[in-house]
Amino acid sequence: MKKIYLEFFRGISSVFILGWHIIFLAPTGHPTKFSGYWGTDALMMFFILSGLVICLTQQNKPTTAAVFLKNRFVRIYPQFLVGMLLAFVALYITHTAFPSSSVILGNFLMVSTMKDYMGYVVPSIQSNLPVWSLSFEMAFYILFAFTIGRNQKKAIFYWFIIAIIALPLYYLKIDRDALTHIIAVFAFSSIWLLGYYIYEYRDYFYADKYVALFGLGVMPLISRMHIVANFYDPSKFFLLSLFAVPFFRYCLQLPPAGKQIKMIYLVIPHVIIVTIALSVRYMPLTNTLVYSTLPYVYMGLGYVVHVFKLNEPVKNFVAKAGAILGRYSYSLYITHFTILFIFSKLTHNMLVYLLVPLPIIAFIAYGLETWVQPVVNNYFRKRTDRFVPESLPILTAQAN
């Protein structure tokens, strides 16, 4: 059974990424800096969710390393391939220069990162920049597959220690090469592993609704901190992920168990973070004040839902919206940028740019998930059946 809150926030994260890229690629330029981190916030949510869901799936339907990797490949790569092919169509339509053969190969091998911020092995293709995150996501899956076995808990713990060590190494290694890419993968995997541990140790702690909402409200302020010059700062996002722990534990909608995360545990560090934000002034004062008050705004919204007895309508909305948005989140993620890229190059009319691409994006996302993915699943399932004796059960991971 899918967790409706997790499905909803996976879907809504993809919508936030879409929204930010609409602003980012707008033919008239960025209308506001206020929204500049929306996509990054949502992406970190994806990383946490990915680790959490992989733990949930593997515990409910355990698989071998080979089966796990096959399931991840079947789920990720076919739609990724479609997204990449659409990206080259976009380059052709917009008369944009094609990258070199080595860059093309690196993109298809999923080892690309964004040129301006990373670019360790090869830069991501210009017409589909979001594919950079999939090079990290697939690396997380491969690392996780190596841990599957009798000593998995110990192996994941050692992986987590290496990930924590990689956080400072990320800033010491300034060369843009394959080694830096590996360090970056381990550093960002700390966020993925934190999501994994949220589900692994779900019975050791819990949080109520208001603590969960407060933690969610702290996250945007942290993501806008300028600890170092690099925009993609894994240490900052790891701190953000720590505040996400009570929120995602609450989203599991499991009975309280273990130690309760109390409000004071979050309020004190939040005050420290707000003090730093007001002292250093790494963003406009208005933005600082808005983001500093978000935890209390979210708690207020939660209280309003309670007072007006809107809990059931909200749950129904989350369930229905999550069923749709969660299902199409990946197909939306892998294709939306390409369509926006085409229209940003071909038109300067904002109304056309805002209205025309969205139904095209929705249609492609629907087609990939409804028509293409089932065909791919059936093809690989038949090939697996062909080589597995009928007397042996086939273990398959849930396609999340």
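The values are calculated or read from the model by the stated rules, or taken from the named source; none is laboratory data. All of these numbers come straight from a predicted model, not from anything done at the bench. Every residue, glycine as well, gets a Cβ built from its backbone with ideal geometry; the counts of neighbours run over all protein chains shown.
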- When Ser124 is evaluated against the numbered criteria (1) of a type in the set (S, T, N, Q); (2) under 17 Å from Leu340 (Cβ atoms); (3) surrounded by fewer than 18 Cβ atoms within 10 Å (Cβ to Cβ), which criterion, by number, is the only one it fails? (3)
- Message: Filter the range 120-145 down to the residues that are closer than 17 Å to Val74 by Cα, at pLDDT 95 or above and of a type in the set (Ser, Thr, Tyr) and list them by number.
- Response: Tyr141
- Just one of the numbered conditions (1) at pLDDT below 95; (2) under 19 Å from Met219 (Cβ atoms); (3) touching a Leu at 6+ places or on another chain (Cβ under 9 Å); (4) of a type outside the set (Phe, Trp, Tyr) is not true of Ile276; which one? (3)
- Provide a single number: the residues in the range 109-160 that are within 18 Å of Asp233 (Cα to Cα) and among the basic types (Lys, Arg). 1
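Looking at this structure, is Phe248 closer than 30 Å to Lys315 by Cβ and either within 18 Å of the chain's Cα centre (by Cα) or in a helix (DSSP H, G or I) (or both)? Step through it out loud before you land on a result.
On the way: closer than 30 Å to Lys315 by Cβ: yes; either within 18 Å of the chain's Cα centre (by Cα) or in a helix (DSSP H, G or I) (or both): yes.
In short, yes.
Residue-wise test of (1) within 25 Å of Phe363 (Cα to Cα); (2) free of Cβ contacts under 8 Å to residues at least 60 places away in the same chain; (3) within 16 Å of the chain's Cα centre (by Cα); (4) buried (at least 18 other Cβ atoms within 10 Å of the Cβ).
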residue: Ala42; (1), (2), (3), (4): yes, yes, yes, yes
residue: Phe46; (1), (2), (3), (4): yes, no, yes, yes
residue: Ala65; (1), (2), (3), (4): no, no, no, no
residue: Ser102; (1), (2), (3), (4): no, yes, no, no
residue: Gly106; (1), (2), (3), (4): no, yes, no, yes
- Failed item in (1) among the aromatic types (Phe, Trp, Tyr); (2) crowded, with 19+ Cβ neighbours inside 10 Å; (3) over 24 Å from Ala229 (Cα atoms); (4) in contact (Cβ under 8 Å) with a residue 40 or more places away in the chain, with Phe146 passing the rest: (2)
- List pairs: first in the range 162-175 and touching a residue at least 24 places away in the same chain (Cβ under 8 Å), second exposed (fewer than 15 other Cβ atoms within 10 Å of the Cβ) and not charged (D, E, K, R), Cβ under 7 Å, 6+ apart or cross-chain? Tyr171/Val228
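Restricting to the range 222-245, what's the tally of residues that are in contact (Cβ under 8 Å) with a residue 24 or more places away in the chain and within 18 Å of the chain's Cα centre (by Cα)? Let's see the steps before the verdict.
Within the range 222-245, the first condition is being in contact (Cβ under 8 Å) with a residue 24 or more places away in the chain, and the residues that meet it are 222-226, 228, 230-232, 234-235, 237-238, 240-245.
From what is left, the residues that are within 18 Å of the chain's Cα centre (by Cα) are 222-224, 231-232, 234-235, 237-238, 240-245.
The total comes to 15.
Could you tell me whether Val211 is part of a loop (DSSP other than H, G, I, E, B), farther than 17 Å from Met44 by Cα and in contact with a helix residue (DSSP H, G or I) (Cβ under 8 Å, 6 or more places away or on another chain)? Don't jump to the end; show me each part of the working.
Details: part of a loop (DSSP other than H, G, I, E, B): no; farther than 17 Å from Met44 by Cα: yes; in contact with a helix residue (DSSP H, G or I) (Cβ under 8 Å, 6 or more places away or on another chain): yes.
So Val211 fails the test.
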- Task: For Tyr204, state whether it is touching a residue at least 40 places away in the same chain (Cβ under 8 Å) and surrounded by fewer than 16 Cβ atoms within 10 Å (Cβ to Cβ).
- Result: yes
- Message: Looking at the range 156-175 only, could you name the residues that are loosely packed, with under 15 Cβ neighbours inside 10 Å and either of a type in the set (D, E, K, R) or outside any helix (DSSP H, G or I) (or both)?
- Response: Ile174, Asp175
- Residue tally, condition at negative phi and surrounded by 12 or more Cβ atoms within 10 Å (Cβ to Cβ), over the range 258-294: 25
- Note on the structure: Among Pro234, Pro246, the single one that is more than 24 Å from Gln260 (Cα to Cα) and either in contact with a Ser or Thr (Cβ under 6 Å, 6 or more places away or on another chain) or surrounded by 22 or more Cβ atoms within 10 Å (Cβ to Cβ) (or both) is Pro234
- Task: Show the residue pairs that are 6+ apart or on different chains and have beta-carbon atoms under 7 Å apart, the first residue being within the range 182-199 and under 19 Å from Thr57 (Cα atoms) and part of a helix (DSSP H, G or I), the second being modelled with pLDDT of 95 or more and among the hydroxyl-bearing types (Ser, Thr, Tyr).
- Result: Ile191/Ser241; Trp192/Ser50; Leu194/Ser241; Gly195/Ser50
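Within the range 72-94, track down each residue that is more than 24 Å from Tyr141 (Cα to Cα) and among the aromatic types (Phe, Trp, Tyr). Walk me through how you get there before you give the answer.
Going residue by residue through the range 72-94, those that are more than 24 Å from Tyr141 (Cα to Cα) are 86-94.
Result: Phe88, Tyr92.
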- Task: Tell me which of these Asp116 doesn't satisfy, since it passes every other one: (1) over 24 Å from Ile227 (Cβ atoms); (2) without any contact (Cβ under 8 Å) to a residue 12 or more places away in the chain.
- Result: (1)
- Message: Just to check your reading of the model, which residue among Val318, Val297 is surrounded by fewer than 17 Cβ atoms within 10 Å (Cβ to Cβ), touching a residue at least 24 places away in the same chain (Cβ under 8 Å), at negative phi and not hydroxyl-bearing (Ser, Thr, Tyr)?
- Response: Val297
